[in-house]
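The values are calculated or read from the model by the stated rules, or taken from the named source; none is laboratory data. Note that the coordinates shown come from a computational prediction; the quantities given were computed from them, not determined experimentally. In this analysis, Cβ positions are derived from the backbone assuming ideal geometry, glycine residues included, and neighbour counts consider all displayed protein chains. These accessible areas exclude ligands, DNA and RNA; they are computed on the full protein's heavy atoms, side chains included. Shrake-Rupley method; radii C 1.70, N 1.55, O 1.52, S 1.80 Å.
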Amino acid sequence: MNFKPLFLVLFFALPLFAIGQNPDKKERQVNGYLQLKAKKYEDSIVLRWGYDTPDIWFYHLTRGVDIYRRDITAGEKSYSKIATVIPWDSTKIERTAAVLDGDKWLMVVLEHSYRHWENSAFNGFSNMFEMSDNFQNRWSLVHFAADMNPLAADAAGLRFTDKQVQTDHIYAYKLEGHGAQHPKAYHTVLPKKEEAPMIYDYYEKDSLVEIYWERIRYQNRYTAYYFESSKDNKNWIKINELPYVQGFDDHLREKATLFTFMFKTGNYEPTFIRMRGIDAFGDLSIPSASILVMGRDRTPPAPPVLSVDSLQSTQDIKFTWQTSGDADIDHFDLERSFAGEKIIHRIWAKKGQQSGSDRVPHGGVYKYRLAAVDTAGNVGYSEPYYVTARDDTPPSAPTGLSAKTDSSGVVTLTWDKAPEHDVIGYYIYYADGKERNFTRLNGTLHRYRIFQDTLSGRLLTMSRFYRVAAIDAQYLTGPFSEILEVIRPDVMAPSPAFISNYSILDHEFVQLKLQPSTSRDVVKHYLKRKSGTDEYETIKVFTKVPPLYMDTLRDDAQAYDYCLVAEDKGGLLSAVIDEVTVRRTRPKEEAVSLILSINDNGIEISCKERLEAGEYIQVYKRLSEDKMTQIGILKPDLKSLLDTRINSGMEYQYFGRKMNDTGNRSSFSSSQIVQVP
């Protein structure tokens, strides 16, 4: 039962009572708590408990604990005392152990609960650490024996079996100790399905396998473990005869997260492994799922002895080497390092081979190591060897040459890193024409991949051309990069473009007369339009400006503003001048005359005008001083309408307005008044 890990812990203060005497009956303060667990069997419930400090354990050796129970299923509200459990006295333990042929776990309880309290650790001459160490071990070993064996737990007064239970009921238990602190512990027993432990991981070593399982998950579930092996995954034998317990120092800052177990096995001999846990009730768990493991050869071969010329005349490096005890060598790898970059040539040479060569991409000092790799993948490295190779190949042409130019004419050139590691600098060249002779800009070697030049506004050409060449450690000059054209910065906006005139066609189209910018570096013109307080939006982009452009006027805008803007190669825009405002005109329809007559059904309304196709008259009736409503429409095929919503003695006013399908409409007619008799 995991009340405390089984390992030695030094206490820096002894209990407040004499260890060598039986505890007195006087109630007093003791430090510690009770911890309780319960397990349900077919016809009983077993309780197991422990004390979390040696002080409280020793105090209860002659006092025991009281056990209370509550039947939750039966609806009991309070606990009832069912037993008092006191550790067996030494005589009973001795007699029981004699009957059982000296049961080892009973003897552990006997030795550490009752015997040899007068030994050297407690005779008054030992130091405080020895006394504390002995006291800690007694408490820890008694609890461990109780976890390993139910009879030992009974003898230690740490176990109780409740047989007066009903199998389908749920019970809650309370445990009460003694002393001024009066410790208590509670536990409710619920049905629980037994779970098997699980192996988390493993590592196969040389003639050894290490098994890992999770500490947090199992440290409070199992106290110890048995490990079993099998060749056929059917017939199993124990690996450890004694229960395996792993202790930890809880005072360490970083806590271990995994339990570990190691056992010996032959290399490349497949073996099935599984584990079982022993819980606080002495029960052995069902086995974990098995895993197939084996020992593996982890011993590297003897390192080869490498020889090479320290100064090579070319970039081809020639090696020779010797090996000893290379029976299991499979091949050789060659490791090459230069300027912090490492390259490994896998399977560079075969078993038995004793010479080889490597071609380096450029000159410089290289570090080599030869690795002998055996059939198990183990590697033995030679001592490092440094080789200086002469470079007879110039560097490649720089790539990725690009430029950024600001408004003051400062040009910043950049280019990509060279693939060669021995490039020590660059020469930068310029010319005013792509076909002209290039002049070197830097008198000394430029060691960076960024360079600045300044373009004067007085240049006779609009562009300057650049190219770059790389220089290596042997002062070999590589070929030129591709030529880059840089445009002289443009700081002057183009001359204005504008709209010189306009005309409105058919009341819904506007024809604009456009005048482009006269600047030679203009690449685009933008025709912009807005309505009211809106922002200008581009309605047309011209690469070549036509003399006239026609736009449609929408009915929902009373007026439009137009302007024309030019853009040059440098992205500069011309000023906006001569904006024009255009209003859509709308032809007026002539006012209509209504004819009103009264008959028995109401007031009949008609008009004098003849309506053509697409024309109609809206008829309105005044309801009040400031409100009137449309009561109908006169059409070419509907020449009159009848208003039946009238009352005798009332006066009514009517209005008419002519409209057509194009949206043109007349003003309202004059008021037509009718008095109903």
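Some points to look at:
- Residues of segment 123-159 classified as at pLDDT below 80 and surrounded by 18 or more Cβ atoms within 10 Å (Cβ to Cβ), total: 3
- Asp55 vs. criteria open to solvent by less than 60 Å² (accessible area, probe 1.4 Å), under 52 Å from the mean Cα position of the chain (by Cα), modelled with pLDDT of 50 or more and among the acidic types (Asp, Glu): yes
- Residues of segment 426-460 satisfying the condition of being open to solvent by 50 Å² or more (accessible area, probe 1.4 Å), farther than 25 Å from Gly363 by Cα and part of a loop (DSSP other than H, G, I, E, B): Asp432, Lys434, Glu435, Arg436, Asn437, Leu441, Gly443, Ser456, Gly457, Arg458, Leu460
- A count restricted to segment 256-309 and to residues that are touching a Leu at 6+ places or on another chain (Cβ under 9 Å), of a type outside the set (Lys, Arg), under 23 Å from Asp206 (Cβ atoms) and not in a loop (DSSP other than H, G, I, E, B) stands at 6.
- Members of segment 184-198 found to be among the aliphatic types (A, V, I, L, M) and within 16 Å of Pro287 (Cβ to Cβ), listed by number: Ala196, Met198
- Whichever residue in segment 368-414 is open to solvent by 30 Å² or more (accessible area, probe 1.4 Å), of a type in the set (A, V, I, L, M) and over 30 Å from Gln353 (Cα atoms) and, among such residues, is modelled with the lowest pLDDT: Val410
- Taking segment 326-352 as the range and being in a loop (DSSP other than H, G, I, E, B) and open to solvent by less than 70 Å² (accessible area, probe 1.4 Å) as the test, the residues that pass are Asp326, Asp328, Gly352.
- Residues located in segment 415-425, provided they are open to solvent by 50 Å² or more (accessible area, probe 1.4 Å) and either in contact with a Ser or Thr (Cβ under 8 Å, 6 or more places away or on another chain) or closer than 22 Å to Asp453 by Cα (or both): Asp416, Lys417, Pro419
- Leading residue by the ranking (nearest to Asn235 (Cα to Cα)) among those in segment 272-306 that are polar (S, T, N, Q) and surrounded by fewer than 20 Cβ atoms within 10 Å (Cβ to Cβ): Ser290
- Close Cβ contacts (under 9 Å, 6 or more residues apart or on different chains) running from residues in segment 538-553 that are surrounded by 10 or more Cβ atoms within 10 Å (Cβ to Cβ) to residues that are acidic (Asp, Glu) comprise Ile539/Asp551; Lys540/Asp551; Leu553/Glu508.
- Any pair with Cβ under 6 angstrom, 6 or more apart, that starts in segment 225-240 at a residue that is within 16 Å of Phe261 (Cβ to Cβ) and of a type in the set (Gly, Ala, Ser) and ends at one that is open to solvent by less than 20 Å² (accessible area, probe 1.4 Å) and in a strand (DSSP E or B): Ser229/Thr271; Ser229/Ile273
- Taking residues in segment 521-533 that are over 9 Å from Leu564 (Cα atoms) and free of Cβ contacts under 8 Å to residues at least 40 places away in the same chain, and partners anywhere that are assigned to a loop (DSSP other than H, G, I, E, B) and open to solvent by less than 30 Å² (accessible area, probe 1.4 Å), the pairs with Cβ atoms closer than 6 Å and at least 6 places apart or on different chains are Ser531/Ala557.
- Within segment 60-91, if we keep just the residues that are of a type in the set (Asp, Glu) and part of a loop (DSSP other than H, G, I, E, B), the residue that is nearest to Ser113 (Cα to Cα) turns out to be Asp89.
- Residue match in segment 498-507 (condition: free of Cβ contacts under 8 Å to residues at least 12 places away in the same chain and part of a loop (DSSP other than H, G, I, E, B)): yes
- Residues that are part of a helix (DSSP H, G or I) and modelled with pLDDT under 85 within segment 92-122 comprise Ser120, Ala121, Phe122, listed in sequence order.
- Residue in segment 504-512 that is farther than 30 Å from Arg584 by Cβ and at pLDDT 90 or above present: no
- Number of residues in segment 461-472 that are surrounded by fewer than 16 Cβ atoms within 10 Å (Cβ to Cβ) and closer than 27 Å to Ser396 by Cβ: the value is 1.
- Residues of segment 480-522 that turn out to be farther than 25 Å from Arg436 by Cβ, open to solvent by less than 60 Å² (accessible area, probe 1.4 Å) and among the polar types (S, T, N, Q), as a count: 6
- Leading residue by the ranking (surrounded by the most Cβ atoms within 10 Å (Cβ to Cβ)) among those in segment 628-660 that are farther than 14 Å from Gln618 by Cβ and basic (Lys, Arg): Lys639
- Any hit, segment 656-669, residues being outside any strand (DSSP E or B), among the aromatic types (Phe, Trp, Tyr) and in contact (Cβ under 8 Å) with a residue 40 or more places away in the chain: yes
- Residue in segment 160-170 that is at pLDDT 95 or above, among the aromatic types (Phe, Trp, Tyr) and outside any loop (DSSP other than H, G, I, E, B) present: yes
- Complete set of residues in segment 362-398 that are farther than 17 Å from Ile343 by Cα and free of Cβ contacts under 8 Å to residues at least 40 places away in the same chain: Gly377
- The C-beta contact set for segment 91-109 (first residue without any contact (Cβ under 8 Å) to a residue 40 or more places away in the chain, second residue open to solvent by less than 60 Å² (accessible area, probe 1.4 Å) and hydroxyl-bearing (Ser, Thr, Tyr), distance under 8 angstrom, 6+ apart or interchain) is empty.
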